[in-house]
Structures are given as C-alpha cells and as structure tokens.
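Worksheet: one structure, shown below.
The values are calculated or read from the model by the stated rules, or taken from the named source; none is laboratory data. Fair warning: this is a prediction, and the values are worked out from it, not measured in the lab. Cβ placement follows ideal geometry from the backbone for every residue including glycine, while neighbour counts extend to all protein chains displayed. Ligands, DNA and RNA are stripped out before the accessible areas are found, and what is left, the full protein with its side chains, is counted by its heavy atoms. Shrake-Rupley method; radii C 1.70, N 1.55, O 1.52, S 1.80 Å.
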Amino acid sequence: MVVCQASKIHLPTPFASPSSSKTPTSLLFEPHSFSLALSHSDSSLSLFPSISFPFSSTQKSLSIPPPSSSSTFLLLKTQKSPNPRVLFVVAGPYKGGSKVLLRFFLYRNDGSKAFEKAKVVVSKQKGIEFDDKVGVLIDVSHGLKLIISGSVNFFALYSVSSSKVLIFGVNLVVDTDESDDGIAFKLMKFAVIDCLKPVFSISISFEWLVLGEENGVKVWSLRELVKGKKVKKVKNYGLSNGVIGDNNGVSNGGSSTSEIVSNGHLDGKIEKPSVSVKPRSGKHRQESAEPGACFVPFEPKEVKGLTSAKASSMSLKAISIQPLSSKRFLILDTVGDLFVLHVTDKTVGSDVTCYMRQLPHVMKVQMMAVFPDISSRRQTVWISDGHHSMHVVDISSAVNETDKREIVQAIFTSEKIQDMIPTAANSILILGQGSLYAYAIS
C-alpha cells in the first residue's frame, strides 16, 4: 500500500501573500546542496540554501533583485576536489534587452551553508565582457524570451530574438577544499549554434545537448560541440575531449594526454598547458548534418476527427525535456504526450544514433518532473494535468521497451498546480497559487 504525506510550507513574508508583487511563480531545486530557488512575479529570486523539512518561515535566504528571466543550478566538478561546487546562474536583460546579463552565486562549502556572489574571470573572447558593478555581459539580444539550462561544468543559453544557442563552460581558477575565500571561476564560451528554426526547450545533461523543436528534437554531442583545435600530445589535466563530468562517460579522471585540446583550457589549475590555443568558440548550424548531431522526429500519430493528411501536417512542439539517465531523456509535446529519447554513440568515431518511443497514454500531460537518479532501478515520473491532479508513474518497464506502466499514486490538490519539482525519488514540492506544499510517498 502506498502512503502519501502532505504538508504546507509556510513561506516567509511577503512571499506568502497572493496579492504580493513577490508571489512565487516557479521553482528550482538542487539536490547536492539541497537548495531551493523561488522565482517571483516581480522577476526577483529568493535562494534558500540547505533547506530542511519542516520548512521554517525564518529560513535564511539570499534575495536576488530583478531583472531575471531564466536561471539554473550548475555543478562544478574537478579531478582534484571530490566534492562538487554548486553555482546558481541568473540571466536577465541589460540596457533595454540589447545584451544579456549573467550573475553567478556560489554555495560555500565551508559549513556556513550560504550563497554569496561568485568571483568570475572572463576569457578574452568577442562578445563577452565583465562589469564589476553588474556581472558578465553577453553581446546577444535578450528579446522577449531567454532559456538557460545547466548541468556539470557547462550551461546552455538560448536567445529567441538572436536565434542562437550559446554553450558556456565554467571551472575553478583556484581549486582548494580548505577555504572558499578567494575562490574564482573562469567562464568561457565554447560554441555557438545558429538557429533557423525556433527552439522551445533545452536540456544539457551528461554528454548531450537536446533542443526541443517542431515535430521532434535535435541532439548534439557535447564533446563534438566543445572540442577545439587538434594538437598532438597536449596535457589536458583530466579533461576528456574538453568535458569534465561525473563517471557517466564524461570523464575517466586523472591527468591524461589527448589529441583534442579544449578551447581556452578549462583545466581547473593554475599550471600552464604544454601548448596554448587562442580561446575561440566553435560555430555550428542548427540544420546541419555534422558529426555528433541528429534530428529525432516524433512518431506519427493519428488524430481523431482528422484525415491522415491533416494529422500529419500538425505541428507538435517539444516543450519540455528532462534527463532520465546518461542516455535517456523524457520529452513532453504540446498535445500532452510523453516520449522517451534513447541516445547512443559509437566507441569509434563521432556518429550518434537516436530514436524516440512514445510512452503508453496516461493523461494529457501539461507538466512533468523527474528526479534523475541513475542508481535506482525504479524510474518514477511525476506528471500533472495542470489543474488539481498529479500522478506518480513508474515508467521503468516502458523505458526498457515494454508497454507496461504503473500509476503508483494519484494525488489531488486543493489549489491549481503551477509548478512542481522533485526533491528526491519519492518526494516533491508543488507550487499552488501562492502556496507551497511538500508531498512524500512511501
């Protein structure tokens, strides 16, 4: 028997008032530091480090002033430090939206359990500059919409008005576990993708960049995007083709020798590499069929009441992408159907093989949430119709290519669900209309 426990979280004032200009509108959660980020209706943010339940209304937080249009958590991993650093990245408009402003906040590892403004070193690259009064300025137009997505050591930024996806890498300039004082981070632009088609969602995770497009998704190998000029026998200090990551195929650890030198040498050390390469970012085109990239279409589906010709011409958009594991992603389209994207790459060469499979129908899904736990055999997904109901679904069998799926629990809420984010495989935070709730199943 499944038992569900629910509790209301009392937010600090003035966040709790529905009429307040700081009413919460969306959630982000980072499981390593157990930190919660609340976006507010006035485009400000509240960052709660190391939250615990029951949640106290006196919980300390960092207030980040507007404007902010998109934000993400980012993990920094190096071979020298066993404990990853946590960065919170905020993107917003600058000077009327003519540029994008990036602000960085570091979670301290010294026991203070607090976020502070991070010290950033910017590579000498065209289109990036540092202003010590505001932050890092990116020379792309902000426009009406901006999407930012982070993973391990890398994050992606999509500007709708500029029709570009920018890939950035972040690493430690000074790597020490003794003190967080004096820690600085190096930011570098690794790649730019020119987009002729609109992008509706982005996921950058493990070794892959996935762009949600019309009628499918575009998959890019992160290795192919960020690798640089070929130079023989150059130390990369733990970089594997320019990517530092966890043990899911991104990096095997240790100092090594490679024929691929990452642009700008984000090696996390002060030591100089054997050969220097002028920092530069690779340029790519969204529609190109270059190595390490492929487009994966949705399965064609019949729509009741429409002829096959009309149904096939309907435009489905990939509006949400969530990683399930190192090589699987969950995709939500505009009509509320779910798909599992499978990605594989060959050990020799840079070919990428992808295919997508639709999951058995449960409901017309409006939002989904996944806690990426690759150590668990059970794959649980939280889905909602966007109204007052949420289902906890075990899709382990469906992911492994059978048609079975199991609804573990159906939950009904008193408030319309506005956003939701898992805090563990069996617990989730749900944002209602101004109120925050914690649910746990056992």
For the stretch 333-442, give me every one of the strands (runs of 3 or more DSSP E) that falls completely inside it and has 2 or more residues that are more than 23 Å from residue 217 (Cβ to Cβ) and modelled with pLDDT of 80 or more.
389-394, 419-424, 427-431, 436-441
Within the stretch 28-47, is even one residue closer than 21 Å to residue 171 by Cα and part of a strand (DSSP E or B)?
yes
Single match in 67, 82, 54 (criterion: within 17 Å of residue 159 (Cβ to Cβ), part of a loop (DSSP other than H, G, I, E, B) and modelled with pLDDT under 95):
67
Scanning the stretch 433-442 residue by residue, those buried (at least 19 other Cβ atoms within 10 Å of the Cβ) and out of contact with any strand residue (DSSP E or B) (no Cβ under 8 Å at 6 or more places or on another chain) turn out to be none
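Yes/no matrix, rows are residues, columns are (1) within 21 Å of residue 76 (Cα to Cα); (2) in contact with a Leu (Cβ under 7 Å, 6 or more places away or on another chain); (3) at pLDDT 90 or above:
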| position | (1), (2), (3) |
| --- | --- |
| 125 | no, no, no |
| 134 | no, yes, yes |
| 142 | no, no, yes |
| 156 | yes, yes, yes |
| 164 | no, no, yes |
| 167 | yes, yes, yes |
| 199 | no, yes, yes |
| 208 | yes, yes, yes |
Sort through 84, 66, 93 and tell me the only one that's open to solvent by 60 Å² or more (accessible area, probe 1.4 Å) and more than 13 Å from residue 28 (Cβ to Cβ).
66
Give me the pairs: first residue in the stretch 319-331 and within 12 Å of residue 211 (Cβ to Cβ), second residue in a strand (DSSP E or B) and open to solvent by 30 Å² or more (accessible area, probe 1.4 Å), beta-carbon distance under 7 Å, and six or more apart or on different chains, which are they?
329/322
Residue 72 - would you say it is open to solvent by less than 30 Å² (accessible area, probe 1.4 Å), of a type in the set (S, T, N, Q) and modelled with pLDDT of 85 or more?
yes
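So that you can scan it fast, the table gives a plain yes or no per residue for (1) small (Gly, Ala, Ser); (2) within 19 Å of the chain's Cα centre (by Cα); (3) surrounded by fewer than 17 Cβ atoms within 10 Å (Cβ to Cβ):
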position: 102; (1), (2), (3): no, yes, no
position: 108; (1), (2), (3): no, no, no
position: 120; (1), (2), (3): no, no, no
position: 130; (1), (2), (3): no, no, yes
position: 147; (1), (2), (3): no, yes, no
position: 151; (1), (2), (3): yes, yes, no
position: 164; (1), (2), (3): no, yes, no
position: 167; (1), (2), (3): no, yes, no
position: 170; (1), (2), (3): no, yes, no
Looking only at the stretch 28-50, which residues are open to solvent by less than 10 Å² (accessible area, probe 1.4 Å) and of a type in the set (A, V, I, L, M, F, W, C)?
36, 37, 38, 45, 47, 48
Criterion violated by residue 3 - all others in (1) touching a strand residue (DSSP E or B) at 6+ places or on another chain (Cβ under 8 Å); (2) modelled with pLDDT of 80 or more satisfied:
(2)
Output yes when any residue across the stretch 266-286 is surrounded by fewer than 16 Cβ atoms within 10 Å (Cβ to Cβ), modelled with pLDDT of 50 or more and closer than 30 Å to residue 138 by Cα, and no when none is.
yes
